[in-house]
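Heads up, the thing below is written out as structure tokens.
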Amino acid sequence: MNKTQKEHNRRGAATAPLMIGIMIFVALVLGGGTLIYGANHGWFGSGQSLIGGSAVQAPPNINSQCSQNPAYTYGAVDKFAKGTAVVGTDEIKIGSSAPVTSLAAPQAGAGIAYWKNNATWYCPVKTDNVACGPVLMQEECITNGSVTLSVYDLDNRVTLTAGGGANNASMSANAVRNFELDFQGTAKAAQLPFGGCLVVDANTNVTDVAMTGYGITAGCSDLPLTYSIGATTNNYKLFRIPAGFDSDGAGDLKRISMQLKSGGSDPTLSTTTIKFYPANYYIGNNDGQFYLGVERDKNADTTKTATAQSTTFILT
């Protein structure tokens with residue numbers, strides 16, 4: 001290596017740290033950071049945080065990148081009549097914080113959740129990331145509609161009298177009876193848009209109950225339900241109503257297949273109760289989160305989140 005090459009390499013090695021320093025300084029100035037020193041980790045910008053012993057870029061302050069800061073308003077409308085506003089309490093959450101009822105200037109880029117709290121409407125929880133500029137965060141709600149329930153005896157081709165009367169269902173020991181549970185909704189409304197639990201409360205001599213159709217499945221363990229049987233000689237079985245059960249607002253007639261099987265004894269002169277428990281949202285007292293339930297179980301509260309619908313018939 002000649003003298004000129006050695007001199008060139010020496011100068012390059014001497015100026016390299018200076019060039020790196022200039023590059024870091026320019027990057028920090030342009031990025032709005034501050035140069036600080038982290039023990040055992042060397043220099044890094046204040047726009048970074050130390051996680052697991054490594055410098056990790058923290059999320060930037062997106063407000064500084066907005067030409068217009070976030071300006072939020074909130075509201076809800078009827079899903080089937082967009083010009084009809086839904087009143088109630090605005091519940092607004094940023095990240096894991098507790099809900100507030102007003103938040104006009106949330107931090108840009110933050111996760112936001114909004115729910116319109118109204119006991120007579122089913123309103124979903126809407127989530128998004130806070131955007132720059134003026135934003136209307138609006139959700140579509142469905143009014144709580146009325147439902148007519150009836151039980152049709154498929155074996156005898158007759159609609160059973162609710163609560164007992166002229167048309168009852170007969171059932172002997174070791175028998176199988178087939179019924180149709182008719183769920184007649186109301187147009188542009190819903191009873192179980194978020195799903196819920198279905199209870200069949202029958203005599204203990206009814207040893208098996210099956211419900212099929214419209215996505216209904218046995219068990220409802222994901223939606224805790226406190227239920228009291230209609231008689232000491234009764235037992236009950238739970239079924240899960242899926243989300244979206246009647247959220248289309250069609251108000252159509254849903255014919256749910258129901259089969260009862262009896263054991264070695266006759267379940268005579270007993271009342272069978274069928275009850276729909278809708279799921280709806282509520283706020284957890286301890287953590288301020290939005291939860292879906294048929295009752296406020298996260299709050300150790302058995303109060304139901306919506307009004308149940310039921311019908312009864314007699315087994316003779």
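The values are calculated or read from the model by the stated rules, or taken from the named source; none is laboratory data. Worth saying up front: this structure is predicted, and the values here are computed from it rather than measured. Every residue, glycine among them, receives a Cβ derived from its backbone with ideal geometry; neighbour counts consider all protein chains shown.
Could you count how many residues in segment 205-226 are assigned to a loop (DSSP other than H, G, I, E, B), over 18 Å from Tyr281 (Cβ atoms) and free of Cβ contacts under 8 Å to residues at least 40 places away in the same chain?
3
For segment 182-189, the criterion of a residue being at pLDDT 95 or above, in the same structural domain as Thr302 (by TED's automatic domain parsing), among the small types (Gly, Ala, Ser) and assigned to a strand (DSSP E or B) is satisfied by no position.
Look at Ala173 and say whether it is touching a Pro at 6+ places or on another chain (Cβ under 9 Å), in contact (Cβ under 8 Å) with a residue 12 or more places away in the chain, surrounded by fewer than 18 Cβ atoms within 10 Å (Cβ to Cβ) and more than 29 Å from Phe80 (Cα to Cα).
yes
Determine if segment 80-103 includes at least one residue that is among the basic types (Lys, Arg), under 30 Å from Asn286 (Cβ atoms), modelled with pLDDT of 80 or more and outside the structural domain of Pro193 (by TED's automatic domain parsing). The answer is yes, given that some residue of segment 80-103 is among the basic types (Lys, Arg), under 30 Å from Asn286 (Cβ atoms), modelled with pLDDT of 80 or more and outside the structural domain of Pro193 (by TED's automatic domain parsing).
When segment 134-158 is filtered for residues that are outside any loop (DSSP other than H, G, I, E, B), touching a Ser or Thr at 6+ places or on another chain (Cβ under 6 Å) and surrounded by fewer than 15 Cβ atoms within 10 Å (Cβ to Cβ), only Leu136 remains. Filtered by the rule that a residue be of a type in the set (Asp, Glu) and more than 22 Å from the chain's Cα centre (by Cα), segment 122-166 gives Asp153, Asp155.
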